[in-house]
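Shown next, in structure tokens, is the structure this report addresses.
The values are calculated or read from the model by the stated rules, or taken from the named source; none is laboratory data. As the structure is a prediction and not an experimental result, all values here were calculated from the model. Quick reminder, even Gly has a Cβ in these numbers, built from the backbone with ideal geometry, and neighbours come from all protein chains shown. The accessibility values were calculated without ligands, DNA or RNA, using every heavy atom of the protein model including side chains. Shrake-Rupley method; radii C 1.70, N 1.55, O 1.52, S 1.80 Å.
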Amino acid sequence: MDNAVAGDAVERLAQVKAKIGAAEREAGREPGSATLVAVSKTFDAGAIRPVIGAGQRVFGENRVQEAQGKWPALKADFPDIELHLIGPLQSNKAREAVALFDVIETVDREKIAAELAKEIARQERSPRLYVQVNTGSEPQKAGIEPKQAVAFVGRCREVHGLAIEGFMCIPPADENPGPHFALLEKLARAAGVEKLSMGMSGDYELAVAFGATSVRVGSAIFGSR
């Protein structure tokens, strides 16, 4: 890939990390308490390697099939990579998702929970799991309704034997994300989950202020798609 483009991504990565650090300090949080998930969807391995070379080790992908085309080779070269699935998971892709991803952030219905439980037992591989909450109750968006989220976590644990460790949300694009971040944090406390995946390129600093333990940043690092 073009060296200038690669250099831009590396420079933007440093800027994003610096802003996360500043947001942590502003919120009185421990340095490094908010993990940067670099969202590499639509970018090929050539665009990703310079960012790995700059020290980034946590990445997010939206689609299982796309991730399968580039990440097995990258993970073979860099075994300490942590790969997150941050897009909707179809039940027929559960086998591939469990095999490839280290964290699956988009558990949002019983069928997915059951399929994941089956594959985790079959493969003896346990990716960490988050429940996606549709904090804006948007009909076109994946995620469980907020009023059902705590009970759903309970069913995932008790019925399916899944260790749910976090919540994830994508606030409506045309609304102030702050109340959505606050809602997710409140639900997490009620459900007894510790991790909060919230905040993207436009609002990750605000998400850190509201307690995000990971932020998902793509275009602010890799550029427009």
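Observations on the structure shown:
- Working from label points 7 Å from Cα in the Cα-to-Cβ sense, the residue 99 to residue 82 distance is 2.4 nm.
- Summarised as an ellipsoid, the chain has semi-axes of 27, 23, 15 Å, derived from the eigenvalues of the Cα gyration tensor scaled by 5 and square-rooted, with the largest first.
- Per-residue 3J(HN,Hα) values for the range 16-24, derived from phi via the Karplus relation 6.51 cos²θ - 1.76 cosθ + 1.60 with θ = phi - 60°, read 5, 4, 5, 5, 5, x, 5, 5, 4 Hz in sequence order (x marks Gly and Pro).
- Radius of gyration, Dmax [the range 1-107; alpha carbons; angstrom]: 14.8, 43
- When the Cα positions of 133, 161, 106 are compared along the charge dipole of the range 101-179, 161 comes out farthest toward the positive end, with charges on each C-beta of Lys, Arg, Asp and Glu.
- Those residues of the range 87-104 whose amide nitrogen sits under 11 Å from the label point placed on residue 118, 7 Å along Cα→Cβ: 91-95
- Per-residue Karplus couplings for the range 209-215, computed as 6.51 cos²θ - 1.76 cosθ + 1.60 with θ equal to phi - 60°, are listed in order as 4, 8, x, 4, 8, 8, 10 Hz, Gly and Pro entered as x.
- For the range 36-48, 3J(HN,Hα) per residue [Karplus equation, 6.51 cos²θ - 1.76 cosθ + 1.60, θ = phi - 60°, Hz, x = Gly/Pro]: 8, 9, 7, 8, 9, 4, 6, 9, 8, 4, x, 7, 7
- Solvent-accessible area of residue 120 with every protein chain in place, 1.4 Å probe, in Å² to the nearest 10: 30
- Three-way shape label, the range 85-149, alpha-carbon gyration tensor, a/c 1.5: prolate
- Entries of 70/186; 70/141; 19/118; 111/186; 41/111 with Cα pairs more than 29 Å apart: 70/186; 19/118
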